[in-house]
Every structure is written in C-alpha cells, then in structure tokens.
Ligand code: GLA
Ligand code: ZN
C-alpha cells in the first residue's frame, strides 16, 4: 500500500465546518495533546462544498487542511458523497429511494439516494473529480475516504429505475430467459417469464416471494452499492494514483458482499460500535475484527470509527466504563488493527448525534475522563509503531460466505430460528474461549496454511467448494461442518439425491430428514460416555463410511448418529448435526485442537484473552483481561519479554488488573 504515515493511525472524524473557526486553534492544541495524527475530513459536507449545481466553495476546507498539515496531522479526505444537498434532491426526481412497500422516502435524514440513480451518480462523480483535482498535491492528503458506510441506511431500493437496472443485470448473468427460468424454478406457482420486461422485483407481495429472485436481488443490490464505490475510486485513482483508497465498513454487514468490495480497497476500514453493556460484546466484537482481516487475506485494517464512550442510537446508551475503551481498542489491535479512530473529534452541538460521545465532549474539559483516556491511548500508541503491518498466524479458519448467509436466512426455510450469524457466532465464540486464534475466510480461499477449517451451516455449495474442501482434508486437514449443509446450489435450488449433496463423500454420511427443534425444545445426546443437551436443530443421519462419535437419546432419533467423523485421505471430516450445549461444543473443538497440536502462545486464566501478531522475526503477545478481577499470567521460566507500553523487561509472571492489557514482545 502507498502509505506515508509511519505510526499507528490515531484520530477521528473531524467536522470543523460545523463550528466557528475560533474553535479550530483549540482543536489543534487538543489534538496534539492527544497524539492525534490522522483525521477524516468532509464526510457530510457536500451541501457546503457545492451550494449550487456546478458551483464549488472550498475556502473553509483549504484553510483547515493547511492548518492540520502545519500541525503534522494528516488527512483521510472524504469524497463527501454520503449525503447529497437538498437542492439536488428537489431538482431531480430519480434520487430518492423507494422502499419495499413502494413508499418514496424523504430526505430529512442522510444517505437518501437510490444506489442506481443516474442524477446522484452524475453529481457525485463531478464532485469527486473536483475535490480530487483540487487537493491532489496537498501534502496532508494521505488517504481517500470514499462516501461513508455504503448501505448503512439505504441498502436496497425498489424504484422503477432499479427494476430496469435489475433486468439488465439479469441479462448479463443468465444471457437467456431459459436459463433464468431454470435457475429460478419459475414453473413453480406459474411464475414463468416469456419476456425480460415481465420480470418484477421482490417488492411486498401476496405471499412468499420466489427465493431465487430474492437472492439475486440481494446480489444485484450488493453489486449496485459496490459500483458506487468503484465509480468514485476510479476517479481518485486516475487523479492521485499514489494515494490509498478506503471506505468504512460495518462489521459483517449483510447487504454488501464485503469480500468482493474489499478486493478494490487498498486498506480495509471498520466502524465498530459494540454495546458495552452486552456480555457477548467481548467475544462477538473480535469476530468482526477477524472478518476485517480476512477480507484482504490477513492484511491489517483500520478501526476507522468507534465511540469513546456511548452512542446515541440504542434505546439506552450505555457508557464505556473506566479503561473499557482502552481495552476494546487494544483488542482491535490484537486482531489486526493498524489504526484506532473515533467518531468523532468534537461532540456535535446540534443535530441527531448531539448525544453521541466524542473525543472532546460538550464540556470541552481536558480533565474529563473521556479526554484523559483519549490522551493516554494516543500517547501509548505512539510507542507501538513497529506493530504496524504485523500479521496473525492462525491455524484455524472459519468459512464465511455472503451468498450462503443471504440464502440460509431467506423466507420459508425449515426453521426461522436457524440464522447464519447465530451459528457463526456460536462456533467463533467457542474457539475464542479456548483462545484459539481464527481467520475468517471466504469459501474460495487457499486453505493450505490451516490445520482446522470450520463451516457452520454450509447450506449452499457453489462450484469449486467440494473440490476445495476435499483437497484440504485429503492433504491432512480437519474439517468441521455443522447441520443443514450441502442442501442447495448457488441459485438456492435443493440438491436432488441425498443431503448433504456435494459434501456427502467428504463427510461420509447421508442425512435422511431435517428435524428443527422449537424454541424451548431440547434433545439429549451422548458423547464420550457423558450426556448433554442440544437445541435448535437435529437430523436423521445415516453412516456412509463415517463413524458415529455421539448419538441422540431423544424421540424418534434415539440411537441414531448426532456427531460423526469420517477419515478422508490423510485428514478427517467431522459433522455436528445439531447445536450442542456450550460445554459439549467446547469439548469437541478442544479435542480437535489437541489432535492438531494447536494451543495458545501462553496458558492464561479464564477471562483473559491472548492473541498474537508477528513480524518476520518477532512475536507480539497481547494479553487482555476482560474479567472483573485481577488475573495472574505465568510466563515460561526461561523467557524474558519486553513490555511495550511500560518499556521495560518482564519475566516470571504478570498480574493484570481488571480491564488491563499488556503487549509483550
Ligand atoms: C456511523 C457513521 C457516523 C456516525 C456514527 C454514529 O458509524 O459513519 O457518521 O453516524 O455511526 O455512531
Ligand atoms: Zn432505486
């Protein structure tokens, strides 16, 4: 990447245009005190930059960029396209998005544009070209921030223009109507199309909508949003080929296939707002960090936005208690962040986000807890530049696929309780609690560096998946697959023959019946001479070469296999046909880890997370105490480490206070 900033990125969204210039000097003083080296500028300033069509005003932006540069603060310059000016919306009637019910939305908020609106796209392209040409040689410019959180508010549109664009998209995908009719199964319910113009879109209808159509509309909308990014990126690349380009992502955001989008991002940027009052936060948040790293094959990302304390958009907005923001920031870093940034620098005085926390609060008090923590973190990060660009070296991978997510979570499935994210989180958090580092990878990934690959509900198998997984296991890998896998093809059509379809050979089983369980329903099963409960789902499994390692003890499934393992080439393929209680899933996965000789870098007490980053010659161990008590971590007797924040050597052992962290080299 063409990056000229050597340290860890530290700063936040900066919206100086919302305040008088008299505050700007004070901003510079406080930014320097806090160790800020990078700010995102101009994200919501289109209306100020272009007061009339084709008339641009840059005086305030010129001034602030110069001022930042004088203070050695570099700029992640926004293309400012995230919210179009009101005059533009009033002038062009193709801009406002239309929802599923056919209602045209108003522009009283932000991101109120249809992703396929020709007028919006034309205006955006002209703005981006003008901004890029103006600042192309400015020495403060270090990164382009395209738009903002694509799809955050308007992830889909159902206007007539989108319907027409969808038909074009379908023509390119299927080439002939025959192929489309076959892929969508339109002989069902008399949906057969004789002309492209007859094809409708999945608006609110009388009953269930054709699931293959819904899936394609999701793909189309994802592509439409990605196209907006690509159109802007093309312009800035043409004018400033050496400046890296990013846009801020929102965790595993369902509407956009981030694996596809990230291919055209120079660095991945994440906005992360976990709820500090949710006990699942500390193991669900790193899942998102690991996904961000996985989007670009293990490359570090920037935590582009997080809250210093509370947000303003939950029913009750819990604060981050003392040291929690620091702990969460280092957790991001432990999982691959090369930058820690906030929304936003100064708390808004007016508008919908005035009660969202910021680096500088309404009180402007530099002795307030929030600002003191911001200063502490910024000054610590300045000691950690050598971590930038270091990588993880995990031996376990979790497969993640957007098409699978979209299709599995569709309407009219065997159980609406079974959602993809629920299963991803279950398997991830189990590995997390075992302190086994995980990469989240796409299903066409090179798996050769992994020992274990886990696929929670691989409902859809696409061309190539079977070969990829079989070759991984054949060469000695261990594959772990959960229930409801190998069920449909890439158009969401069920496999004829036997479930789990293309995975039958690898798993050595035949699934005769799917038997989802009700919300409070529990089955029993036995494993390793102990008895456990399981929920959510069960299946009638027959062995076709695999061995049974756990069987059901309930209902009509009594005595039939619940957990199986199949030897395949030099490796093994496990199948888990239900959702086992936590202790059983933990037991099975930890036994597999032991079999594959995978263990954490140090053994740590419960509640302490350990994660590592590596350079070619060094290992960096992050210890994060998420618990409410002090914890003692024993260090190996023969080893001396360097505590990177205290800047001193340590050996023997470390006591970590609640919410404290250590980075050992
Ligand atoms: C998003 C947006 C920001 C701001 C924050 C508030 O991440 O990108 O502009 O609205 O949410 O949490
Ligand atoms: Zn539209």
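If only one of 152, 162, 157 is away from ligand 1 (no atom under 16 Å from the Cβ) and assigned to a loop (DSSP other than H, G, I, E, B), which one is it?
157
If a residue has to be under 27 Å from residue 658 (Cα atoms), in contact with a helix residue (DSSP H, G or I) (Cβ under 8 Å, 6 or more places away or on another chain) and in a helix (DSSP H, G or I) to count, how many in the stretch 571-614 make the cut?
Qualifying residue count for the region: 2.
Only one of (1) away from ligand 1 (no atom under 16 Å from the Cβ); (2) within 29 Å of the chain's Cα centre (by Cα); (3) farther than 30 Å from residue 6 by Cβ is not met by residue 104, so which one is it?
Every condition holds for residue 104 apart from (2).
Please enumerate the residues belonging to the stretch 1-40 that are in a helix (DSSP H, G or I), out of contact with any helix residue (DSSP H, G or I) (no Cβ under 7 Å at 6 or more places or on another chain) and within 12 Å of residue 378 (Cα to Cα).
30, 31, 32
Starting from the stretch 628-647, keep only residues that are touching a residue at least 40 places away in the same chain (Cβ under 8 Å) and assigned by TED's automatic domain parsing to the domain that holds residue 380, then list their pairs with residues that are in a loop (DSSP other than H, G, I, E, B) and surrounded by 11 or more Cβ atoms within 10 Å (Cβ to Cβ) whose Cβ atoms are within a distance under 6 Å, requiring at least 6 positions of separation or different chains.
Matching pairs, first to second residue: none at all.
Identify all residues within the stretch 325-349 that are touching a helix residue (DSSP H, G or I) at 6+ places or on another chain (Cβ under 8 Å) and assigned to a loop (DSSP other than H, G, I, E, B); write none if there are none.
335, 336, 345, 348, 349
Within 12 Å of ligand 1 (Cβ to nearest atom) and in contact with a strand residue (DSSP E or B) (Cβ under 8 Å, 6 or more places away or on another chain): which single residue out of 303, 327 fits that description? Break it down stepwise before answering.
Details: 327 fails: within 12 Å of ligand 1 (Cβ to nearest atom).
Criteria check complete, one pass: 303.
Looking at the stretch 364-461, what helices (runs of 4 or more DSSP H) fall wholly within it and have at least 2 residues that are surrounded by fewer than 19 Cβ atoms within 10 Å (Cβ to Cβ), at negative phi and outside the structural domain of residue 645 (by TED's automatic domain parsing)?
So the answer is 369-381, 420-433.
Looking at the stretch 107-143 only, could you name the residues that are touching a strand residue (DSSP E or B) at 6+ places or on another chain (Cβ under 6 Å) and away from ligand 1 (no atom under 16 Å from the Cβ)?
The answer is 135, 140, 141, 142.
Based on what the data block shows, is residue 113 at pLDDT 95 or above and either assigned to a helix (DSSP H, G or I) or more than 16 Å from ligand 2 (Cβ to nearest atom) (or both)?
For residue 113, the condition - at pLDDT 95 or above and either assigned to a helix (DSSP H, G or I) or more than 16 Å from ligand 2 (Cβ to nearest atom) (or both) - is not met.
Return only the number of the condition from (1) more than 22 Å from residue 247 (Cα to Cα); (2) touching a strand residue (DSSP E or B) at 6+ places or on another chain (Cβ under 9 Å); (3) outside any loop (DSSP other than H, G, I, E, B) that residue 68 does not satisfy.
The failed condition is (1).
Restricting attention to the stretch 487-513, which residues are surrounded by fewer than 16 Cβ atoms within 10 Å (Cβ to Cβ) and either assigned by TED's automatic domain parsing to the domain that holds residue 188 or at positive phi (or both)?
Matches in the stretch 487-513: 497 only.
Could you give every pair whose Cβ atoms fall below 8 Å, whose first residue belongs to the stretch 337-353 and is without any contact (Cβ under 8 Å) to a residue 12 or more places away in the chain, and whose second residue is part of a loop (DSSP other than H, G, I, E, B) and surrounded by 16 or more Cβ atoms within 10 Å (Cβ to Cβ), counting only separations of at least 6 or pairs across chains?
none
The values are calculated or read from the model by the stated rules, or taken from the named source; none is laboratory data. Keep in mind that what you see is a predicted model, and the values were worked out from it rather than measured. We place every Cβ from the backbone using ideal geometry, glycine too, and count neighbours over all the protein chains shown.
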